[in-house]
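Structure record follows, encoded as structure tokens.
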Amino acid sequence: METKNAVDAKKRVDGVLAEVGKVVMGKRDVVENIIIAILCDGHVLLEGVPGIAKTKMANALACCLECDFKRVQFTPDLLPADILGTMMVDEKKKFVLRQGPIFTNILLADEINRSPPKTQSALLECMQEKQVTIDKASYPMSYPFVVMATENPIEMEGTYPLPEAQVDRFIFKLILDYPTRDEEMGILKLNDIESAKVSPLLTAEDIESLRDLAKTVKVADPVLVYITDLVTATRQREEIQLGASPRASIAFLKAARVKALLAGRSYAIPDDVKAMAYPVLRHRIILKTEAELSGITVDLMIKKILETVPVPKV
């Protein structure tokens, strides 16, 4: 059963996807998942090689949502103050905050694992509490506030693994692959892709409205049982050293509601949960060393879990 509000929400998001598609060939599923994360009030970890339009995608999405956008290149010498800001003396000899790039709506933290843990941890309070504490004073973040952090999966030299506490703060981890042959042909044919413009379609008020609407999506007990069984299964497999935390269950619930809303429904079904399994779980599972040496990957483990956990009837 579809509802008028859900169908309207679907049309709005479809419009954003089409608009971003003007400047980013393919990647529709990735863009949709980023939108889902934003409507879940969450943050996104992007993994992909350089040159596949991560920055362009984030910038185009910010334009469509009428959001401020800033990009920070994380380097080994980047300091927390370079992100958060510093206190300075103004012409009246009073201390005022010179805001850092964290004070924006969408922050692209490029190659976040190239900075040391002290700098990475500067984002923790911002991501979780939606505020910054500088010199014992707290400053609220803009609304909406989303961190999109990128990692390079190839170059591991000179990188610092993200702390588990920070990784768990990201609601999704998305993998960006190379474009398909047809998509790359499309990039070459679209000569004016660099000058292509996107139009603003949603405002902060629209995002808040869609978030509130997603919270009204009904989730039946069998769907809640399915979420619980999937997360519990990550803690029971012998190949897994560390399974998903209860935060993963909450992420599943939020994401399933938004996924249902974008399908034009006012209720969630198990397929909504299943569609969110890879983004929700892939950064929350740590495999045992012997499992990795035998060729097992996290995505393969998630596939096995989806195949073994029974899907309830709703």
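Readers should treat all values here as calculations from the given coordinates under stated rules, not as data from a laboratory. It should be emphasised that the depicted structure is a prediction, and the values quoted were computed from it without experimental measurement. Neighbour counts are summed over all protein chains in view; Cβ atoms, including those assigned to glycine, are modelled from backbone coordinates with ideal geometry.
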| task | Would you mind checking Lys173/Lys303; Lys4/Lys70; Lys93/Lys130; Lys54/Lys197; Lys254/Lys304 for any pair whose Cα atoms are more than 25 angstrom apart? | result | Lys4/Lys70; Lys93/Lys130
| field | Using alpha carbons only: equivalent-ellipsoid semi-axes of the chain, gyration tensor based, whole Å | value | 31, 25, 22
| message | Give me the one-decimal nm value for the distance between modelled label points at Thr308 and Met185, 7 Å along each residue's Cα-to-Cβ direction. | response | 4.2 nm
| task | Return the single residue from Leu79, Leu61, Leu230 with maximal mean-square fluctuation; model: Gaussian network over the chain, springs between Cα atoms under 10 Å. | result | Leu79
| task | Take every Cα pair under 8 Å in the chain that's 6+ residues apart, average their separations, divide by the length, and report that relative contact order as a whole percent. | result | 24 percent
| task | Lys and Arg at +1, Asp and Glu at -1: add these up for the other residues within a Cβ distance under 11 Å of Val24 and post the number. | result | +3
| field | Beta bridges by DSSP in the chain, antiparallel share as percent, to the nearest 5 | value | 40 percent
| Add -39500 (n - 2.57) for each DSSP H run of 4 or more in the chain, then divide by its residues: what number comes out at 222 nm, to the nearest 500 deg cm²/dmol? | -12500 deg cm²/dmol
| remark: Which residues qualify? For Gly85, with a placed amide H closer than 5 Å and at least 5 residues away or on another chain, they are Gly100
| Within the chain: Cβ-based charge dipole about Cα centre, in debye rounded to nearest 20 (Lys, Arg +1; Asp, Glu -1) | 700 debye
| task | With a Förster radius of 22 Å, plug the Cβ-Cβ distance of Ile286 and Lys130 into 1/(1 + (r/R0)^6) and report the FRET value to the nearest 0.05. | result | 0.20
